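Got a structure here, written out as structure tokens. Questions coming.
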Amino acid sequence: MSGTASEPAKADEPTSTRLVTTLSLAGLLSGLIIVAVYEATLPTITAYKAKVLREAVFKVLPGIDSLRRLAYRDNRLVAVATESKDQDAVFGGYDANGKLVGFAIPSAGPGFQDTIRLLYGYLPGRRKVVGMEILESRETPGLGDKIYKDADFVANFQDLSIDPEIVTVKKGRRSAPNEVDAITGATISSKAVVRIINQGNQRWLPRLIAVEPALEKQQ
């Protein structure tokens, strides 16, 4: 029998315009979902961070009864109720009688992996650091994360002189009041914590010395 077999009908292939439109709509929808989730969870995240920060202040300043957020503006510290991105602030810690005990100072800097953010307590009358709390860290699990998991390392900062500056020594070699025992296997992270605190002192101590009497008068 003569003749040729008929070819099967080709399925309709999407045009490039249709593909671009579909991908654009999918991308737009995904973006809207991400924004919606972010907006919905932002208040919860903000409230949680505020709670963690408040708890950290009480940890690094033992014995305080209350705290105040103090923003540095025009060469003076002003009490503020909320945090803002452009705000340069510390926390004043007060005893039950409203007397200023010390300051909780936030500071940040590069670690081994990424930025380390921490908070430390400082008593101006004694010129000592009396507590340190890591707020954010991505240091290597099992090594660098010991800057907040190793109780012995954290204890270095419970009664630490800042004069002439804080220094890191090999673990077990601490003999002076301004020395910190480094963590074996995480020397870089240990030194980063000390460097961040020293930088915080360089930034804040001249300011605090100038305004401390005024803060006492505000009580």
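The values are calculated or read from the model by the stated rules, or taken from the named source; none is laboratory data. Given the structure is predicted, the values throughout are model-derived calculations rather than measurements. No Cβ is skipped: glycine too gets one built from the backbone with ideal geometry, and neighbour counts run over all protein chains shown.
Condition first: of a type in the set (Gly, Ala, Ser) and either modelled with pLDDT under 90 or surrounded by fewer than 16 Cβ atoms within 10 Å (Cβ to Cβ) (or both). Now tell me which residues in the range 48-87 satisfy that.
Residues satisfying the conditions are Ala50, Gly63, Ser66, Ala79, Ala81, Ser84.
Can you name the residue in the range 169-199 that is surrounded by 21 or more Cβ atoms within 10 Å (Cβ to Cβ) and of a type in the set (S, T, N, Q) and, of all such residues, is farthest from Thr115 (Cα to Cα)?
Ser190
Looking at the structure I just gave you, is Gly98 without any contact (Cβ under 8 Å) to a residue 40 or more places away in the chain and among the small types (Gly, Ala, Ser)?
Judged against the criteria, Gly98 is not a match.
Quickly run through the range 113-141 and pick out the residues that are more than 24 Å from Asp159 (Cβ to Cβ) and in contact with a Lys or Arg (Cβ under 9 Å, 6 or more places away or on another chain).
Within the range 113-141, Gln113, Asp114, Thr115, Glu136, Glu139 meet the criteria.
Could you tell me whether Ala40 is touching a strand residue (DSSP E or B) at 6+ places or on another chain (Cβ under 8 Å), farther than 16 Å from Pro106 by Cβ and either assigned to a helix (DSSP H, G or I) or touching a residue at least 12 places away in the same chain (Cβ under 8 Å) (or both)?
The answer is no for Ala40.
Right, here's the next one. In the list Leu32, Leu53, which residue meets the criterion of being part of a helix (DSSP H, G or I), within 24 Å of the chain's Cα centre (by Cα) and either of a type outside the set (Val, Ile, Thr) or under 12 Å from Gly93 (Cα atoms) (or both)?
Leu53
Give just the number: which of (1) surrounded by 15 or more Cβ atoms within 10 Å (Cβ to Cβ); (2) farther than 21 Å from Tyr94 by Cα does Glu165 not satisfy?
The one condition Glu165 does not meet is (1).
Scan the range 135-148 for residues that are without any contact (Cβ under 8 Å) to a residue 40 or more places away in the chain and part of a strand (DSSP E or B) and jot them down.
Across the range 135-148, the qualifying residue is only Glu136.
Quick one: would you say Gly111 is crowded, with 18+ Cβ neighbours inside 10 Å, touching a residue at least 60 places away in the same chain (Cβ under 8 Å) and more than 15 Å from Leu61 (Cβ to Cβ)?
Yes; evaluated as a whole, the condition is true for this residue.
Let me ask you something else. Which residue out of Arg127, Arg117 is charged (D, E, K, R), closer than 20 Å to Asn201 by Cα, surrounded by fewer than 17 Cβ atoms within 10 Å (Cβ to Cβ) and under 17 Å from the mean Cα position of the chain (by Cα)?
After applying the criteria, what remains is Arg117.
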